[in-house]
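Report on one structure; see the data block that follows.
The values are calculated or read from the model by the stated rules, or taken from the named source; none is laboratory data. Keep in mind that what you see is a predicted model, and the values were worked out from it rather than measured. Positions of Cβ are generated from backbone atoms using ideal geometry, with glycine treated the same way; all protein chains shown enter the neighbour counts.
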There are 2 protein chains.
Amino acid sequence: MPQLRIALAQLNNHVGDISANADLVVEWCRRADEAGADLVLLPEMVLTGYPVEDLALRQSFVAASRLSVERLASRLEAAGLGDLTAVVGYLDRTDETHSLKSGAAKPQNKAAVLHKGTVVCSYAKHHLPNYGVFDEYRYFRPGNELHVVRVRGVDVGVVICEDLWQDGGPVAAAGEAGVGLLAVVNASPYERNKDDFRGELVARRAREAGATLAYVNLVGGQDELVFDGDSIISDSRGTIIARGPQFAEDLLVADLELPAGLEVPPGSDGTGPSGMIISHHVLSTTAAPERAPIEPKVTERLSDLGEVYAALVLGLGDYCRKNGIQRVYLGLSGGIDSTLTAAIACDAIGADNVYGLSNPSAYSSEHSKSDAAELAERTGLHFSTVPIAPIVDAFHQGLDIDGIAAENLQARIRGVIWMAESNQHGPSIVLACGNKSELAVGYSTIYGDAVGGYAPLKDVSKTYVWKLAAWRNEEAVRRGETPPIPENTISKEPSAELRPGQKDTDSLPPYEILDAILDDYVEGDKGRADLVAQGFDPDLVDRVMRMVDRAEYKRRQYPPGTKISFKAFGRDRRLPITNGWREGR
Amino acid sequence: MPQLRIALAQLNNHVGDISANADLVVEWCRRADEAGADLVLLPEMVLTGYPVEDLALRQSFVAASRLSVERLASRLEAAGLGDLTAVVGYLDRTDETHSLKSGAAKPQNKAAVLHKGTVVCSYAKHHLPNYGVFDEYRYFRPGNELHVVRVRGVDVGVVICEDLWQDGGPVAAAGEAGVGLLAVVNASPYERNKDDFRGELVARRAREAGATLAYVNLVGGQDELVFDGDSIISDSRGTIIARGPQFAEDLLVADLELPAGLEVPPGSDGTGPSGMIISHHVLSTTAAPERAPIEPKVTERLSDLGEVYAALVLGLGDYCRKNGIQRVYLGLSGGIDSTLTAAIACDAIGADNVYGLSNPSAYSSEHSKSDAAELAERTGLHFSTVPIAPIVDAFHQGLDIDGIAAENLQARIRGVIWMAESNQHGPSIVLACGNKSELAVGYSTIYGDAVGGYAPLKDVSKTYVWKLAAWRNEEAVRRGETPPIPENTISKEPSAELRPGQKDTDSLPPYEILDAILDDYVEGDKGRADLVAQGFDPDLVDRVMRMVDRAEYKRRQYPPGTKISFKAFGRDRRLPITNGWREGR
């Protein structure tokens, strides 16, 4: 059986920056070549970045991507990398015109096979996802042709991401064509425990296709998405033989013993029962040179809490780095949300770039000031205090307000102070410290604590905030470092401290109950009857559902934040603002 | 030829409020019956409202809609309206299960035909739009069966909205089936001059199908969309014989002379060349009773400026009414944007519910105060003044800031004051007064002038703001009323007045040039090379493109506002926040 050395380039690119991404591809191809690889796989849409949104509809952007893949082929050849076969995801378009209103060519999500200075063939994604964060029917036209390239005598089929998740189509066609290797290029965003499903899927599809399967995924944060890497190689029996790290760049290299392609391969007549057209391309049939074998690595998985924490750190860090943001400002109340946010920020961009502001009012407790100061001491972040009482007084001179309006005023004065510091000392942003539970029920002050350029905990429920805080401290102990989070911050009862003696439980059910309801209503999309049948108090269910349905307006104006669940607020779950739906009432 | 009396119910419903919408349907069916109609058409998804967003994915919501259409049939029969044939849009689902991950039934966008207490048949939309504001592939599974119902001996084919815009499919099938009448139920959102395209399309499809075509559309505001009504009947030669008003409810009634359905209608074997299955249902074959003929009306179109103004008034008014908002607060600077916003608000919910706040600073000109006061006097809105200088001073005691940070501070103090007043005197919202040109280039202060629950001018360019202001004053003169907008507000040079002598042109090109570039870049999606070829200064093009590409973050957090163009900011045009695309540089 011929030996094929494959490299999976699990890299972090920059959406829209086609020329920088092309440089990255060349760099990683060089690394693959230095590792002796015959074939290197780069992720889906590596040249443009995956979540390009409506840039995909700009003709000039599509033209730039199309041109860059051709230039890349020449550039690799000129750099002495022409013998390497590279599979590169990019944005392209159809050539024909269509009967749609615009009459224009339609964008396609493609993967080009580059070899010896030319684009040998280019595969257009067949199965387009259009759920959750995916809108591919908005952008792309599906393809219907599977390309099989013969590399070192092995037949390699190339498909893209969702093609693997759906039954039928290209994976079935690859099976019909009897490929020895199925190469899957991906931009698969992180969700909690998705690596478990992903590993099982890769193994199952490898068995179904009767072929070794190589799955390469992007890594890095982009707006609300974070790609977790986790590239995988499974043999045809479904045994995972190599696996890359989570949330870190890596070149995963493996030697594969694969069957030789037949003289006349199946599907050479161009059609298969799957309905896909099958095209064959012979790139190289010579055996690989003698070389020292490489022991493939299978990277250990992170713990459940560890992987969420890593996602939050990478999501925030890349948001800052890719947007040219050098510093972050945030209000430190001594509470668990702002404290965990600060710890994440210190891990993401370094404590020296994190500025904590304490803005005590007449209602602030002693511990709110001392716990914040202790956090600063433990982590080394910058810490300063601007009391708000004189400013509150100045507003009250001109305004006749009380109750909630006066409570919100305090939160908004703090927001104005954070923004003023951030604007004065930019390039920087304010971090909003709200968690998913608060966001769900609208328990926040718009233009107050909701102020910010990024909200790291936007998709983290309150009860999970506590778990992550405890995990981060334990992790510090494991590493022999000072735990960043003061014990009192974890143990004390939550309060907004906007009036004397205020507690979160004045307005909300206990967080264990609230989060249990939210988990079923938001993540599980269960209806009122299901929730009541599960034993929740019907009045409480009504109250929580009403709060969630009415908070859509606030959620729309909340800053972006790292998505860690299937139903993050934002495009994953979008309600009408004007919403007359009152289930069961 | 049999005579058929048809009624088109151009009504304003409430998204999500299924039971209130069912009541509305009964009420409009009664009105149709009282007008002697044989057939009444109600809009697409009239029972649920059209833009239900992810409510379409809630099983309990789909179940409620499905149940409500069955109940509606019985209820109409019980109310003595069973002889009337009603076509009612609603949300339903497939019965079979699918191979998708969830395995659940998939929602469908359907129109039921109700007669004598039963749901005779139900058509599932075939062509699903998935561009601009439409995401129907996210929600719906397309149908493939055209239903033809015989009413008073006439064969009537039923299709839904996008089916009319796309070639092939159901309209072609209706032609094959030789229907006498093509009934099209719609939820077609307003865009500038869309009524022109719509009228032409209806006439063209009537000719193509060789049938009379009746097109009913929704009316009313829903979040950022406004539906403009404009229901139309065209005869088979493409002559428009009846047309409803724009932006107002109406029951459009017409007597139609239509060919009788054949004994064995074409397509009775169940299939046509279009690939659609054709099903026939006979409801009534008796001739209509003798009745006095009705003269159909063709409502005059509004002027270009008049229709945009009407859209903005209805969009804001319905946002307030449907969300239970009684009052609006807004900052009045004496400038054209806040003044036009105030005029729209007075027209939308009455001057007595509009509260203008003047918040002069040390840099405010005399005319900024006097022009605002004059606006209040002309319109009768509430007007009060809260100077911000003492509050600015209080912030500066605690903060060491200058430059842009100090300018933004003033805008944010105003935002805090407006929100405090609104929170104190709710249910109310603040109106953000920014226009599309400012929003495009990010010329606004986040948490300052961008504060608000709704932004009426969000999709109106600055140069169009001036045109609308002049039009509104001329309209007042035509009606013999006081023009609301002070002359000096229209004629003076724009300034944010955040530092001494500041003018908008310090930061931006003149608005005529800026709007011309934005029109090509944003609405026309032209690239840098196109813009330069058109004669714009290349450096200016680069500067404007960079400003637009970098302002996505601010735009995402801007309040919702009435959409009037194809490329409104929001879901119609969505860029990555982290965006490395620098075209041509």
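Some observations on this one:
- Consider the stretch A:439-454 and keep the residues that are more than 8 Å from chain B (Cβ to nearest Cβ) and either closer than 22 Å to A:Gly221 by Cβ or touching an Asp or Glu at 6+ places or on another chain (Cβ under 8 Å) (or both). The one that is surrounded by the most Cβ atoms within 10 Å (Cβ to Cβ) is A:Gly452.
Yes or no, residue by residue, for (1) within 29 Å of B:Ala345 (Cβ to Cβ); (2) touching a Gly at 6+ places or on another chain (Cβ under 6 Å):
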position	(1), (2)
B:Ala529	no, no
B:Ala551	yes, yes
B:Tyr558	yes, no
B:Pro576	no, no
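- Members of the stretch B:310-342 that are β-branched (Val, Ile, Thr), farther than 24 Å from B:Val416 by Cβ and within 14 Å of chain A (Cβ to nearest Cβ): none
- Criterion: within 27 Å of A:Val313 (Cβ to Cβ), of a type in the set (Phe, Trp, Tyr) and either over 26 Å from the mean Cα position of the chain (by Cα) or not assigned by TED's automatic domain parsing to the domain that holds A:Arg378 (or both) - qualifying residue of A:Tyr464, A:Tyr511: A:Tyr511
- Any hit, the stretch B:418-427, residues being assigned to a loop (DSSP other than H, G, I, E, B), within 25 Å of B:Gly501 (Cα to Cα), assigned by TED's automatic domain parsing to the domain that holds B:Ile325 and not basic (Lys, Arg): no
- From the list B:Gly480, B:Gly434, the lone residue that is in a loop (DSSP other than H, G, I, E, B) and out of contact with any helix residue (DSSP H, G or I) (no Cβ under 9 Å at 6 or more places or on another chain) is B:Gly480.
- Scan of the stretch B:23-43 for residues that are touching a strand residue (DSSP E or B) at 6+ places or on another chain (Cβ under 9 Å) and within 14 Å of chain A (Cβ to nearest Cβ), ordered by number: B:Leu24
- Residue in the stretch A:498-520 that is touching a Phe, Trp or Tyr at 6+ places or on another chain (Cβ under 8 Å) and facing another protein chain (nearest Cβ under 10 Å) present: no
- Residues being crowded, with 24+ Cβ neighbours inside 10 Å, more than 12 Å from chain A (Cβ to nearest Cβ) and among the hydroxyl-bearing types (Ser, Thr, Tyr) - total across the stretch B:44-96: 2
- Residue under evaluation A:Gly261, criteria (1) surrounded by 23 or more Cβ atoms within 10 Å (Cβ to Cβ); (2) in contact with a helix residue (DSSP H, G or I) (Cβ under 7 Å, 6 or more places away or on another chain); (3) not charged (D, E, K, R), criterion not met: (2)
- Hits in the stretch A:361-385 (condition: within 14 Å of another protein chain (Cβ to nearest Cβ) and at pLDDT 95 or above): A:Ser384, A:Thr385
- Tabulated pairs, the stretch B:402-428, first at the interface with chain A (Cβ under 7 Å from one of its Cβ atoms) and surrounded by fewer than 18 Cβ atoms within 10 Å (Cβ to Cβ), second at pLDDT 95 or above and assigned to a helix (DSSP H, G or I), C-beta under 9 angstrom, 6+ apart or interchain: B:Ile404/A:Asn423; B:Ile404/A:Gln424
- Matching residues in the stretch A:529-577 - criterion: being in contact with a Pro (Cβ under 9 Å, 6 or more places away or on another chain), facing chain B (nearest Cβ under 9 Å) and part of a loop (DSSP other than H, G, I, E, B): A:Gln557, A:Pro576, A:Ile577
- Scope the stretch B:315-338; condition part of a strand (DSSP E or B) and surrounded by fewer than 24 Cβ atoms within 10 Å (Cβ to Cβ); matching residues: B:Arg327
- Selected residue [out of contact with any strand residue (DSSP E or B) (no Cβ under 9 Å at 6 or more places or on another chain) and surrounded by fewer than 19 Cβ atoms within 10 Å (Cβ to Cβ)] from B:Glu475, B:Glu497: B:Glu475
- Scanning the stretch B:26-39 turns up one or more residues that are in contact with a Lys or Arg (Cβ under 7 Å, 6 or more places away or on another chain) and surrounded by fewer than 19 Cβ atoms within 10 Å (Cβ to Cβ).
- Answer residue from the stretch A:164-188, given it is crowded, with 21+ Cβ neighbours inside 10 Å and under 30 Å from A:Gly561 (Cβ atoms) and is modelled with the lowest pLDDT among those: A:Leu164
- Screening B:Val88 against (1) out of contact with any Phe, Trp or Tyr (no Cβ under 6 Å at 6 or more places or on another chain); (2) of a type in the set (A, V, I, L, M, F, W, C); (3) within 26 Å of A:Glu552 (Cβ to Cβ); (4) modelled with pLDDT of 95 or more leaves a single unmet condition, (3).
- The residue list B:Arg556, B:Arg573, B:Arg528 contains one member that is within 30 Å of B:Asp195 (Cα to Cα) and either in contact with an Asp or Glu (Cβ under 6 Å, 6 or more places away or on another chain) or among the β-branched types (Val, Ile, Thr) (or both), which is B:Arg573.
- Criterion applied to A:Leu262, A:Leu256, A:Leu283, A:Leu330 was being aliphatic (A, V, I, L, M) and assigned by TED's automatic domain parsing to the domain that holds A:Tyr454, and the one residue passing it is A:Leu330.
- Residues considered: A:Lys467, A:Lys492. Of these, the only one that is of a type in the set (Lys, Arg), at pLDDT below 95 and surrounded by fewer than 19 Cβ atoms within 10 Å (Cβ to Cβ) is A:Lys492.
- Among the residues of the stretch A:486-501, none qualifies, meaning not one is acidic (Asp, Glu), assigned to a loop (DSSP other than H, G, I, E, B) and over 21 Å from A:Ser364 (Cβ atoms).
- For the stretch A:35-52, a residue qualifies if it is among the acidic types (Asp, Glu) and either modelled with pLDDT under 95 or more than 20 Å from the chain's Cα centre (by Cα) (or both), and exactly one does: A:Asp38.
- Residue that is nearest to A:Gly350 (Cα to Cα), among those in the stretch A:386-401 that are more than 7 Å from every other protein chain (Cβ to nearest Cβ) and in a helix (DSSP H, G or I): A:Ala389
- Checking B:Ala362 against (1) closer than 26 Å to A:Ile404 by Cα; (2) of a type outside the set (D, E, K, R); (3) not in a helix (DSSP H, G or I), the condition it does not meet: (1)
- Look at the stretch B:244-256: where a residue is part of a strand (DSSP E or B) and a partner is modelled with pLDDT of 95 or more and surrounded by fewer than 20 Cβ atoms within 10 Å (Cβ to Cβ), sitting 6+ places away or on another chain with Cβ atoms under 6 Å, you get B:Gln246/B:Leu302; B:Leu251/B:Arg31; B:Val253/B:Ala35.
- Residue match in the stretch A:13-34 (condition: in contact with a Cys (Cβ under 6 Å, 6 or more places away or on another chain), modelled with pLDDT of 95 or more and in the same structural domain as A:Cys161 (by TED's automatic domain parsing)): no
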